[in-house]
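We did not get these values from a lab; they are worked out from the coordinates using the rules stated. In this text the structure is predicted, and so the values were computed from the model without any measurement. Note that each Cβ is placed from the backbone with ideal geometry, even for glycine, and that neighbours are counted across all protein chains shown.
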Amino acid sequence: MAHPRLLIIYTGGTLGMRPGDHGLTPSGNIEARLAKAFRQLPLPQQQALPSFEVLSYPQLIDSSSATPNNWAQLAGDIAERLKDYQGFVIIHGTDTLSWTAASLAYQLQGLDRPVILTGAMQPLETPGSDALDNLYGALRFADQPHVKEAAIYFHGKLLRGVRATKLHSEAMDAFTSPNYPLLGERMGDDIVHYRGRGLVDQQRGAPRFELPDYTTVSDGAIVRLVLWPGITAWQLAAWLDDPRVKGGILQLWGAGNLPDDPSLLAVLAKASGEGKMLVAISQCPQGSVHLGAYAAGKGLLDAGVLSGDGMTPEAAFGKLVHLLAQPITDEDRRHRFLSPLVGER
Ligand code: ASP
């Protein structure tokens with residue numbers, strides 16, 4: 001018998017959950033459940049499904065508990081099995097799906113085959129669930145040799161993993177890619193891949209995976225600060241002064257502004273001076289930051305803050321984790337942050 005083309009890695013999430021005493025909980029036996037579900041598909045769809053094997057993680061989680069260590073485990077498991085499969089489908093909870101997708105993009109740089117993450121807003125066995133449709137599309141895209149990146153398939157859309165974000169907490173059309181067009185779409189039983197938008201043309205050569213030890217940054221080394229009206233210097237300092245903090249993303253107003261308060265900039269400059277890597281993105285899901293365009297954001301560059309351009313919080317955070325986990329110089333780290341590595345900016 002021919003070797004299965006794809007590997008499905010099941011990590012947990014609503015797609016595979018069942019009702020328990022305390023609400024929906026991750027549930028196993030996924031291989032048999034998938035086989036049963038796929039038999040419900042119309043025949044042309046069943047026939048279009050590529051062959052696959054399933055790797056079910058022993059500890060299935062609600063993705064709200066995922067950490068950078070889970071991201072590293074997933075990347076390592078894919079890297080180890082890369083040559084055995086034409087593509088991979090990751091079944092994951094939707095809450096942090098886009099965070100995992102962004103991280104995989106950085107760890108699996110130069111990927112030469114599809115890694116498609118998917119999940120569902122409703123469990124597989126719930127009538128009217130989106131699970132089966134999402135699995136169908138994910139498997140079809142994971143079987144496309146021209147998709148050469150970590151992507152999310154959800155509700156008929158293929159999104160670049162490192163550009164995606166969860167937009168809706170209830171609707172089935174839950175994900176969007178605010179600053180980058182779709183990589184592909186489902187059309188009836190078929191799928192369309194927009195090849196020109198894929199990463200393949202931007203890649204710089206063969207797989208050159210970077211799988212650094214994320215445990216070095218998993219214990220709160222990177223913080224995320226979203227500005228609010230009235231934020232004070234002592235509040236900012238409460239996060240950034242802690243010696244365990246190695247870096248942070250700042251979500252500024254609009255095109256990259258913060259309150260006209262020199263004591264805020266002083267806190268940022270002190271943290272930068274201590275070698276902490278600070279990067280700025282916008283609170284607006286669409287558009288980019290342009291540090292220095294307004295007087296209100298001018299001091300940021302002098303305080304050592306790097307522009308995150310139009311990156312999502314997931315992309316910026318995942319990139320900081322990835323760069324800070326590596327034994328490279330600060331200069332190299334800053335340079336790499338400002339350069340597009342996997343189509344994230
Ligand atoms: N809390 C769930 C999770 O992220 C939500 C979902 O999968 O939709 O695992």
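Net charge near Ser103: determine it from the other residues with C-beta under 12 Å of the C-beta of Ser103, scoring Lys and Arg +1 and Asp and Glu -1. The answer is -2. Only beta bridges with both residues in the chain are counted; by DSSP, about 35 percent of them are antiparallel.
Which whole-number percent is the relative contact order of the chain (Cα, under 8 Å, 6+ apart)?
15
With viscosity 1.002 mPa s and temperature 20 °C, the Kirkwood radius over alpha carbon pairs of the stretch 102-165 converts through Stokes-Einstein to a diffusion coefficient of 177 µm²/s. Net charge around Asp173, counting only other residues with Cβ within less than 15 Å of its Cβ (Lys, Arg = +1; Asp, Glu = -1)? After counting each charged neighbour, the total is -1. As a rough footprinting exposure proxy, the listed residues Val226, Val162, Val147, Val267 were ranked by other beta carbons within 10 Å of their own, and the order from fewest upward is Val226, Val267, Val147, Val162.
Among His290, His22, His155, the largest mean-square fluctuation in a Gaussian network model of the chain (Cα springs under 10 Å) belongs to His22.
Of Glu314, Glu149, the sequence from fewest to most neighbouring Cβ atoms within 10 angstrom is Glu314, Glu149.
Under 5 Å between amide hydrogens, built in the peptide plane, is the criterion, and for Leu278 it picks out Gly248, Leu306 among residues at least 5 positions away or on other chains.
What dipole magnitude, in Debye to the nearest 20, does the chain give about its Cα centre under +1 on Lys/Arg Cβ and -1 on Asp/Glu Cβ? Each step should come with its number before you reach the end.
Details: 30 positive and 35 negative charges, 121 e Å.
That gives the chain a dipole magnitude of about 580 debye.
Taking every DSSP bridge with both residues inside the stretch 149-281, close to 55 percent are antiparallel. Largest GNM mean-square fluctuation across Gly299, Gly20, Gly254, computed for the chain with C-alpha springs under 10 Å, falls on Gly20.
The lysines whose alpha-carbon is closer than 22 Å to the alpha-carbon of Lys157, local same-chain residues fewer than 8 away aside, are Lys148, Lys166.
Count the DSSP beta bridges whose two residues both fall in the stretch 214-292, then state the antiparallel fraction as a percent rounded to the nearest 5. If we restrict to bridges inside the stretch 214-292, about 10 percent are antiparallel. Couplings 3J(HN,Hα) of the stretch 312-328, computed from phi: 6, x, 4, 5, 5, 5, x, 6, 5, 4, 5, 6, 6, 7, 9, x, 10 Hz, in residue order, whole Hz [Karplus 6.51 cos²θ - 1.76 cosθ + 1.60, θ = phi - 60°; x for Gly and Pro].
Net charge near Ile328, counting Lys/Arg +1 and Asp/Glu -1 over other residues with Cβ under 12 Å of its Cβ?
On the way: positive: Arg333, Arg334, Arg336; negative: Glu210, Asp330, Glu331, Asp332.
Within the 12 Å Cβ shell, the charges total -1.
Here Trp228, Trp239 are placed in order of increasing Cβ neighbour count within 10 Å, fewest first, which gives Trp228, Trp239.
The alpha-carbon of Lys246 sits under 17 angstrom from the alpha-carbons of these lysines, leaving out residues fewer than 8 places away in its chain: Lys270, Lys276, Lys319.
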